[in-house]
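All remarks here apply to the structure that follows.
The values are calculated or read from the model by the stated rules, or taken from the named source; none is laboratory data. Here the structure is a predicted model, which is why all the values come from computation and not from measurement. Because the Cβ atoms are built from the backbone with ideal geometry, glycine has one as well, and the counts that use them run over all protein chains shown.
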């Protein structure tokens, strides 16, 4: 169904704010309205350079690629078959910028992945920011997200991976051994921290 330009203007910021939490993209007469918060994928997260053309997740399912840039512990750009895809690690949540262990999580992810060829297993088409949600594996078969959780550099993100017993066990062991962020007396989960700073 096509709308005239004047009708599209009426569907402004308020409509985008209402639809953004649902992760919907509106396509109105050939014009795409981005989510209201598309300019900032995550609090404290760097955005890709304007010259980098990122392929939207629903249009492309990457299977492997080379990690070009690591934004934080759980978000990166991967070049795959001539495209650049923004990937968010499945089932894990690393500390946010400003939290303890955020820099260590990013550094560890960079050390494991930067410039390396990785295998990508997409779990969800995309999140509300258009990022591919995927489990990313090193050439030796290790899952980056699972390594981060086991080393105490990420939480098991139960909201989005509730049935993943392996992630739950890795987090439980990291807590018991006081690894990484679990060495702190009261670590704050990133999803709670993001809510506080918004």
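Points to keep in mind about this one:
- In the range 183-198, of all residues being part of a loop (DSSP other than H, G, I, E, B) and under 19 Å from the mean Cα position of the chain (by Cα), the one that is surrounded by the fewest Cβ atoms within 10 Å (Cβ to Cβ) corresponds to 198.
- Selection count where residues are touching a strand residue (DSSP E or B) at 6+ places or on another chain (Cβ under 9 Å) and either surrounded by fewer than 24 Cβ atoms within 10 Å (Cβ to Cβ) or part of a loop (DSSP other than H, G, I, E, B) (or both), scope the range 89-98: 6
- Test: residue 175 is in contact with a helix residue (DSSP H, G or I) (Cβ under 7 Å, 6 or more places away or on another chain) and more than 24 Å from residue 98 (Cβ to Cβ): no
- Candidates 145, 152, 180 - the one that is assigned by TED's automatic domain parsing to the domain that holds residue 63, in contact with a strand residue (DSSP E or B) (Cβ under 6 Å, 6 or more places away or on another chain) and surrounded by 13 or more Cβ atoms within 10 Å (Cβ to Cβ): 145
- Residues in the range 106-125 that are in contact (Cβ under 8 Å) with a residue 60 or more places away in the chain and outside any loop (DSSP other than H, G, I, E, B): 122 only.
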